[in-house]
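Trainee: A single structure is presented below for examination.
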Amino acid sequence: MTQTAEQIYTTWLEQTNLPSNLVADLEAMKNQPDTIADAFSAPLSFGTAGMRGVIGAGINRMNIYTVRQAAEGLARFMDTLDADTKGRGVAISFDSRYFSKEFAHESAKVLGHHQIKTYVFDQMRPTPELSFAVRHLNTYAGIMITASHNPKQYNGFKIYGEDGGQMPPKESDQITEYIRQASDLFTIEVANEPQLRNDKIMNLIGEDVDQAYLKELKTVNINHDLIAQTGANMKFVYTPLHGTGQVIARRALEEAGFNDYEVVAAQTIADPEFPTTPFPNPEFAQAFDLAIELGTRIDADILIATDPDADRLGAAVRQPDGTYKLLTGNQIASVLLNYILTAKQATGTLPANGTIVKSIVSTELAADIAASYGVATQNVLTGFKYIAEAIHEYETNHDHTFLFGFEESFGYLIQPFVRDKDAVQTLLLLAEVAAYYKDKGQTLYDGVNEMYEKFGYFEEKTISKEMDGLAGKEQIANMLKELRANPLTELNGHQVISTTDYQTGVHVDADGKETKIDLPTSDVLKYWLDDGTWLAVRPSGTEPKIKFYIGTKDSSQASVDARLQSYNDAVEELLTKLTK
């Protein structure tokens with residue numbers, strides 16, 4: 001019989017030996033039925049990106065019991081594998097958040113109870129290094145304890161597959177089934193950690209993997225003479241935003257030859273409070289406040305920030321008047337790509353079958369840049385696992401050579417020794433790109449404008465609407481249902497000329513002709529309008545949000561800004577209509 005939220009809450013109250021933070025949380029919920037309903041009505045959603053939620057008591061919260069349940073699901077799945085595959089074990093890393101190390105060790109103790117070997121980092125490490133460790137150590141899976149760029153009250157649990165990418169949907173769905181079967185959170189067994197260590201079932205890793213990762217990072221930069229001549233003395237600012245970038249990124253910069261950069265000292269402290277930036281997200285201007293202060297003082301060419309688990313990167317470039325302008329994820333990706341292709345063409349290393357991979361909601365500027373060099377573009381669904389799958393396919397079939405992958409949400413991959421977005425790689429290459437323009441007497445700001453003058457002025461914007469709780473989930477589902485029941489035919493005075501529904505896998509063109517698309521199903525709608533603008537709508541995979549993506553192009557900065565604003569207003573109007 002299904003229990004009510006109040007009944008599950010009462011069960012938790014009756015437990016003995018709960019951690020003190022959970023006891024306090026349960027006590028604070030008393031006489032707050034809405035909070036109890038949110039925490040206990042339904043378990044944390046576990047999808048292909050794992051789970052993420054607020055830290056606290058409840059089945060819809062991140063705590064040692066929900067983490068044990070997730071690890072138990074992975075363990076039961078691995079128990080079904082052959083002995084050799086299961087014996088490869090699981091690599092585990094964690095970020096600087098509250099309880100991250102504890103959650104990592106709890107996961108290892110659950111897996112250890114099933115006699116599954118684990119390789120746990122001795123201290124926090126970036127998500128991309130976890131992806132690398134899975135491949136380097138040849139483990140069957142990986143676990144990353146992180147909530148990426150979310151505020152301090154969040155944490156998360158991500159599972160990686162044997163290729164170093166996020167666990168594929170088929171295996172992820174099976175793991176989810178096993179997680180749900182382990183429904184009694186308080187009976188999940190954990191092994192004794194000292195015994196696991198003594199038996200070599202739980203193993204600590206650290207500098208050994210760091211050195212191997214740093215060796216591969218040396219392959220990221222292209223023009224080492226440029227770094228030696230210009231990059232070594234180029235002033236720029238780096239901040240890890242209180243996270244894992246502090247551990248490895250600074251070593252990587254120095255080993256590459258960048259010696260004149262400065263760090264934001266206050267933000268090199270691995271503080272789970274994120275005291276200098278409540279939203280440690282390099283997409284947000286506020287995350288750069290301290291970097292701008294330091295950059296202005298030392299006359300830095302560029303300011304670079306990595307998020308707390310160092311998989312996403314943002315940047316601000318110096319403008320002619322000395323102020324700093326934040327770049328969008330699409331701008332960073334485009335300027336990186338333009339440099340990669342320019343540099344490879346100059347050195348004669350641009351392959352004939354070169355291909356870039358981007359998400360369906362990312363800028364078309366990248367596709368135009370790639371085409372100008374004879375390089376193909378493959379579009380995939382949002383989620384870096386799909387970029388990882390494309391790389392695997394290229395390596396298996398030998399029909400394409402991967403050159404660059406990115407998502408508009410500040411995630412990029414340059415070299416495929418990692419199979420997730422890698423802000424450490426990106427930091428190294430973006431510093432080289434800044435040195436390239438400095439060598440020409442320009443800044444990265446000039447480089448972005450050069451691209452626009454050559455390919456046209458592209459602008460993109462994401463409008464996110466947050467909808468918390470169970471009611472929010474239902475409302476998001478209803479909005480997409482409404483858009484399917486009553487398809488958009490025009491927006492901002494322009495006709496919709498074609499539509500793709502990635503849930504049904506059907507593209508409908510201007511003549512009404514239907515074509516099947518060769519992509520996995522996903523709850524996404526994308527529209528193309530008669531002026532070349534596109535709009536995509538999708539629920540976030542990791543946050544309680546619905547997102548509207550707009551991409552447009554025009555002949556000047558002023559005209560594209562005006563066009564984007566008019567579409568922004570039209571989408572806001574559509575949102576209001578859908579939320580009534």
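Trainee: Only residues that are of a type in the set (Val, Ile, Thr) and either open to solvent by 80 Å² or more (accessible area, probe 1.4 Å) or touching a His at 6+ places or on another chain (Cβ under 8 Å) (or both): list them for region 201-231, please.
Mentor: Val209
Trainee: Restricting to region 353-369, give me the number of residues that are over 17 Å from Gly411 (Cα atoms) and either assigned to a helix (DSSP H, G or I) or in contact with a Pro (Cβ under 6 Å, 6 or more places away or on another chain) (or both).
Mentor: 2
Trainee: For region 289-302, does any single residue satisfy the condition of being touching a residue at least 24 places away in the same chain (Cβ under 8 Å), closer than 18 Å to Tyr445 by Cβ and within 19 Å of the chain's Cα centre (by Cα)?
Mentor: Checking region 289-302: not a single residue is touching a residue at least 24 places away in the same chain (Cβ under 8 Å), closer than 18 Å to Tyr445 by Cβ and within 19 Å of the chain's Cα centre (by Cα).
Trainee: Next question, about the same structure. Look at Thr489 and say whether it is polar (S, T, N, Q) and more than 28 Å from the chain's Cα centre (by Cα).
Mentor: Considered against the rule, which asks whether it is polar (S, T, N, Q) and more than 28 Å from the chain's Cα centre (by Cα), Thr489 comes out as yes.
Trainee: Further question: So which of Gly87, Gly47 ends up being open to solvent by 20 Å² or more (accessible area, probe 1.4 Å) and modelled with pLDDT under 95?
Mentor: Gly47
Trainee: Within region 1-48, can you find the residues that are polar (S, T, N, Q) and either farther than 17 Å from Tyr65 by Cα or in a helix (DSSP H, G or I) (or both)?
Mentor: Across region 1-48, the qualifying residues are Thr2, Gln3, Thr4, Gln7, Thr10, Thr11, Ser20, Asn21, Asn31, Gln32, Thr35, Thr48.
Residue-wise test of (1) closer than 30 Å to Leu381 by Cβ; (2) in contact (Cβ under 8 Å) with a residue 60 or more places away in the chain.
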| site | (1), (2) |
| --- | --- |
| Gly164 | yes, yes |
| Pro169 | yes, yes |
| Phe236 | no, yes |
| Thr244 | yes, yes |
| Asn259 | no, no |
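Trainee: Quick one: which residue in Arg52, Arg68 is part of a helix (DSSP H, G or I) and open to solvent by 30 Å² or more (accessible area, probe 1.4 Å)?
Mentor: Unique residue meeting the criteria: Arg68.
Trainee: Can I ask one more? Taking Leu350, is it open to solvent by 10 Å² or more (accessible area, probe 1.4 Å), touching a helix residue (DSSP H, G or I) at 6+ places or on another chain (Cβ under 6 Å) and either in a helix (DSSP H, G or I) or over 24 Å from Ser522 (Cβ atoms) (or both)?
Mentor: Spelling it out, Leu350 is indeed open to solvent by 10 Å² or more (accessible area, probe 1.4 Å), touching a helix residue (DSSP H, G or I) at 6+ places or on another chain (Cβ under 6 Å) and either in a helix (DSSP H, G or I) or over 24 Å from Ser522 (Cβ atoms) (or both).
Trainee: Oh, and also: Which of the residues spanning region 361-374 are on the phi < 0 side of the Ramachandran plot and open to solvent by 10 Å² or more (accessible area, probe 1.4 Å)?
Mentor: Matches in region 361-374: Glu364, Ala367, Asp368, Ala371, Ser372, Tyr373.
Trainee: Return the residues of region 521-552 that are touching a helix residue (DSSP H, G or I) at 6+ places or on another chain (Cβ under 7 Å), open to solvent by 10 Å² or more (accessible area, probe 1.4 Å) and either aliphatic (A, V, I, L, M) or assigned to a loop (DSSP other than H, G, I, E, B) (or both); say none if nothing qualifies.
Mentor: Once the filter is applied, which keeps residues that are touching a helix residue (DSSP H, G or I) at 6+ places or on another chain (Cβ under 7 Å), open to solvent by 10 Å² or more (accessible area, probe 1.4 Å) and either aliphatic (A, V, I, L, M) or assigned to a loop (DSSP other than H, G, I, E, B) (or both), region 521-552 yields Asp523, Pro544.
Trainee: If a residue counts only when it is open to solvent by 10 Å² or more (accessible area, probe 1.4 Å), which strands (runs of 3 or more DSSP E) contained entirely in region 91-166 have at least 1 such residues?
Mentor: Fully inside region 91-166 and qualifying: 118-121, 154-160.
Trainee: How many residues are of a type in the set (A, V, I, L, M, F, W, C) and assigned to a helix (DSSP H, G or I) if we restrict to region 474-506?
Mentor: 6
The values are calculated or read from the model by the stated rules, or taken from the named source; none is laboratory data. Everything numeric in this text was worked out from a predicted model, so none of it was measured. Don't worry about glycine lacking a Cβ; one is built from the backbone with ideal geometry, like all the others, and counts go over all protein chains shown. In case anyone asks, the SASA skips ligands and DNA or RNA and just uses the protein heavy atoms, side chains included. Shrake-Rupley method; radii C 1.70, N 1.55, O 1.52, S 1.80 Å.
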